[in-house]
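**Student:** Okay, handing you the structure first.
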Amino acid sequence: MTTAETYFLRALARKTWAFFDTFVGPKDHWLPPDNVQEHPSAAIAHRTFADQHGPLVARQTWPLTTFGYLSTGRLIERTANALHTWIPWSAIAAIS
């Protein structure tokens, strides 16, 4: 990989992480919002589906420790928060 490609991928990873760092938190049970509208005015769709997003949140945080965007402690904290939300929904979906 060239230096330019490496720079591009690191910048893309940082921008992607910024989305999750900004929009994933306790307000939405540690799951990403359904969508975020930036134009013409900022708006966040706070509806989300734990069965769809729970695994995504757990997976998206792991590579961030490699890039230095997230400490191991924060990785564990964010993953645990997402899994605590996701696991009960998975159990309900399994018996439905």
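The values are calculated or read from the model by the stated rules, or taken from the named source; none is laboratory data. Because the structure is predicted, anything quoted here is derived from the model rather than measured. Cβ: placed from backbone, ideal geometry, glycine included. Neighbour counts: every protein chain shown.
**Student:** Of all residues in region 7-41, which are part of a helix (DSSP H, G or I) and under 22 Å from A80 (Cβ atoms)? Spell out how you get there, then give the answer.
**Tutor:** Step one: of region 7-41, the residues part of a helix (DSSP H, G or I) are 7-23, 26-28.
Residues satisfying the conditions are T16, W17, A18, F19, F20, D21, T22, F23, P26, K27, D28.
**Student:** Quick check: is even one residue across region 49-56 more than 12 Å from the chain's Cα centre (by Cα), modelled with pLDDT of 80 or more and outside any strand (DSSP E or B)?
**Tutor:** Within region 49-56, not a single residue is more than 12 Å from the chain's Cα centre (by Cα), modelled with pLDDT of 80 or more and outside any strand (DSSP E or B).
**Student:** Now, a different point. For T65, indicate whether it is closer than 21 Å to K15 by Cα, polar (S, T, N, Q) and modelled with pLDDT of 75 or more. Let's see the steps before the verdict.
**Tutor:** Working: closer than 21 Å to K15 by Cα: yes; polar (S, T, N, Q): yes; modelled with pLDDT of 75 or more: yes.
So T65 fits the description; yes.
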